[in-house]
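Colleague: Just dropping this structure here.
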Amino acid sequence: MTYDVRETPSLQIISRPSLDVDAFEKYLAGEGLAWARTPGATEAEELVELAGRLCYMSFGERQSPRTNAQYIWNLLQQGHESVLEHVEWTFLLTGVSRSFSHQFARHRVGFALSQLSQQYTDPNDAPTVIPELVRASKTLTQIWERAIIEAKKAYEVIQRELQASIPEPDDRVAKRERRRAIRSAARSVLPEATETRIVFTANARAIRHFLTLRGSIAGDLEMRLVSAELLAIVEGEAPALFADFEIVQLDGEPLVKRIHLDERE
Ligand SMILES: Cc1cc2nc3c(=O)[nH]c(=O)nc-3n(C[C@H](O)[C@H](O)[C@H](O)COP(=O)(O)OP(=O)(O)OC[C@H]3O[C@@H](n4cnc5c(N)ncnc54)[C@H](O)[C@@H]3O)c2cc1C
């Protein structure tokens, strides 16, 4: 029996905020105000600044000489983070295990997840994600491969036996539910290493919370790799929103570290 193996997660951004500056400046002009914008600030950064400034109407003469990055840094220092919720990105995450996704899905606030179904696709066809610690040892890799193959064989046997013992109905919905029931029973033997795919949308505040909680857990390499990929992407999209995070190396692998606000300057 052959099967695909994934070694590292893959994360891509597939959607980002689009700011209609003209519409906002038109509104400001109607109020007799203007916004001195920072050249080079990204749309995501400007959206946060705009929302923050609207709270105090700090435009025109009331606008301080702070740059966009300085303004956002001040918001972060004050804990005025609800304005970060306006910035949302959507990502495609593949090459992660079901054990990873159990942990990932615990982040309830500011995250929306759409995950590959094991009832509408055949989970036995899915690749498996080999942990780095196992991959580093030839002996452990062989043991791991044997266990995966046994699980996949068991899946096939259970599926075949149930297909033989449960009569196929004529009705389309009943057919679908029969297939669902059989896959649900058979998948119970599949390993947590089974690969899953997730499209998720998260706002900048929720991503900061996720990176703070999950990015630096030394013993959770899969989580560290996803966190580092995520930080690298969002830093490119809106550096000012993640100025207090950095990627460091630990034992040759990345780890996301949150710099204490006071330590940065
Ligand atoms: C090192 C580590 C070990 C863990 N071990 C386990 C474990 O053994 N078992 C386990 O079940 N989970 C475990 N977890 C998961 C953890 O308990 C959280 O469920 C997960 O990290 C999501 O964090 P969160 O609730 O802060 O995030 P979110 O769900 O995104 O919530 C964000 C924030 O919103 C607020 N919030 C959300 N919901 C509520 C609410 N109902 N009431 C009040 N405030 C709310 C809180 O301030 C929360 O921090 C572990 C997490 C870590 C980082």
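The values are calculated or read from the model by the stated rules, or taken from the named source; none is laboratory data. All values derive from a computational prediction rather than experimental measurement. Ideal geometry is used to build each Cβ from the backbone, glycine not excepted, and the neighbour counts take in all protein chains shown.
Colleague: I need the full set of residues from the range 195-205 which are within 16 Å of the ligand (Cβ to nearest atom), under 10 Å from the mean Cα position of the chain (by Cα) and among the hydrophobic types (A, V, I, L, M, F, W, C), in order please.
Modeller: Answer for the range 195-205, where residues must be within 16 Å of the ligand (Cβ to nearest atom), under 10 Å from the mean Cα position of the chain (by Cα) and among the hydrophobic types (A, V, I, L, M, F, W, C): Ile198, Phe200, Ala202.
Colleague: Output the residue which, of all residues in the range 82-107 that are under 17 Å from Ala204 (Cβ atoms) and touching a Leu at 6+ places or on another chain (Cβ under 7 Å), is surrounded by the fewest Cβ atoms within 10 Å (Cβ to Cβ).
Modeller: Looking at residues that are under 17 Å from Ala204 (Cβ atoms) and touching a Leu at 6+ places or on another chain (Cβ under 7 Å), I get His86.
Colleague: Still on this model: Out of (1) outside any loop (DSSP other than H, G, I, E, B); (2) on the phi > 0 side of the Ramachandran plot, what's the single condition that is false for Gly32?
Modeller: (1)
Colleague: Output yes when any residue across the range 131-150 is more than 16 Å from the ligand (Cβ to nearest atom), touching a Phe, Trp or Tyr at 6+ places or on another chain (Cβ under 9 Å), under 27 Å from Leu231 (Cβ atoms) and not basic (Lys, Arg), and no when none is.
Modeller: Yes, the range 131-150 contains at least one residue that is more than 16 Å from the ligand (Cβ to nearest atom), touching a Phe, Trp or Tyr at 6+ places or on another chain (Cβ under 9 Å), under 27 Å from Leu231 (Cβ atoms) and not basic (Lys, Arg).
Colleague: Taking Glu43 and the conditions (1) without any contact (Cβ under 8 Å) to a residue 60 or more places away in the chain; (2) over 16 Å from Val234 (Cβ atoms), which numbered condition does it fall short on, given that it satisfies the others?
Modeller: Of the numbered conditions (1) without any contact (Cβ under 8 Å) to a residue 60 or more places away in the chain; (2) over 16 Å from Val234 (Cβ atoms), the odd one out for Glu43 is (2).
Colleague: Please determine whether any residue of the range 253-264 is within 14 Å of the ligand (Cβ to nearest atom) and under 25 Å from Ala41 (Cα atoms).
Modeller: yes
Colleague: Please specify each residue of the range 114-131 satisfying the condition of being modelled with pLDDT of 95 or more and surrounded by 15 or more Cβ atoms within 10 Å (Cβ to Cβ).
Modeller: Gln115, Leu116, Thr128, Val129, Ile130, Pro131
Colleague: Only residues that are touching a residue at least 24 places away in the same chain (Cβ under 8 Å) and farther than 18 Å from Thr8 by Cβ: list them for the range 121-138, please.
Modeller: Asp122, Pro123, Asn124
Colleague: Could you list, in sequence order, all residues of the range 1-29 that are of a type outside the set (Phe, Trp, Tyr) and in a helix (DSSP H, G or I)?
Modeller: Passing the criteria: Val21, Asp22, Ala23, Glu25, Lys26, Leu28, Ala29.
Colleague: Still on this model: So Phe200 ticks every box in (1) within 30 Å of Gly252 (Cβ to Cβ); (2) touching a Lys or Arg at 6+ places or on another chain (Cβ under 9 Å); (3) among the aromatic types (Phe, Trp, Tyr) but one. Which box is left unticked?
Modeller: (2)
Colleague: Looking at the range 167-190, which of its residues are of a type in the set (Val, Ile, Thr) and surrounded by 13 or more Cβ atoms within 10 Å (Cβ to Cβ)?
Modeller: Passing the criteria: Ile182, Val189.
Colleague: Take Asp170 and decide whether it is over 22 Å from Gln70 (Cα atoms) and either at pLDDT below 95 or in a loop (DSSP other than H, G, I, E, B) (or both).
Modeller: yes
Colleague: Here's something else I'd like to know. I need the full set of residues from the range 212-239 which are assigned to a helix (DSSP H, G or I), surrounded by fewer than 21 Cβ atoms within 10 Å (Cβ to Cβ) and within 11 Å of the ligand (Cβ to nearest atom), in order please.
Modeller: Once the filter is applied, which keeps residues that are assigned to a helix (DSSP H, G or I), surrounded by fewer than 21 Cβ atoms within 10 Å (Cβ to Cβ) and within 11 Å of the ligand (Cβ to nearest atom), the range 212-239 yields Thr212, Leu213, Arg214.
Colleague: Now a separate question. Just one of the numbered conditions (1) within 16 Å of the ligand (Cβ to nearest atom); (2) among the small types (Gly, Ala, Ser); (3) under 30 Å from Leu47 (Cβ atoms) is not true of Ser99; which one?
Modeller: (3)
Colleague: At pLDDT 95 or above and surrounded by 18 or more Cβ atoms within 10 Å (Cβ to Cβ): does that describe Pro39?
Modeller: no
Colleague: Then there's this: More than 13 Å from the ligand (Cβ to nearest atom) and either in contact (Cβ under 8 Å) with a residue 60 or more places away in the chain or part of a helix (DSSP H, G or I) (or both): is that true of Gln118 in this structure?
Modeller: So Gln118 passes the test.
Colleague: How do the pairs read when you match residues in the range 89-103 that are of a type in the set (Ser, Thr, Tyr) with residues anywhere that are within 13 Å of the ligand (Cβ to nearest atom), using Cβ under 9 Å and keeping only pairs 6 or more apart or on different chains?
Modeller: Between residues of the range 89-103 that are of a type in the set (Ser, Thr, Tyr) and residues that are within 13 Å of the ligand (Cβ to nearest atom), the close pairs are Thr90/Ala112; Thr90/Phe200; Thr90/Ala202; Ser101/Leu113.
Colleague: Same structure again: Which of the numbered conditions does Ala112 fail, given that it passes all the others? Conditions: (1) aliphatic (A, V, I, L, M); (2) under 22 Å from Ile217 (Cβ atoms); (3) within 16 Å of the ligand (Cβ to nearest atom).
Modeller: Among (1) aliphatic (A, V, I, L, M); (2) under 22 Å from Ile217 (Cβ atoms); (3) within 16 Å of the ligand (Cβ to nearest atom), Ala112 violates only (2).
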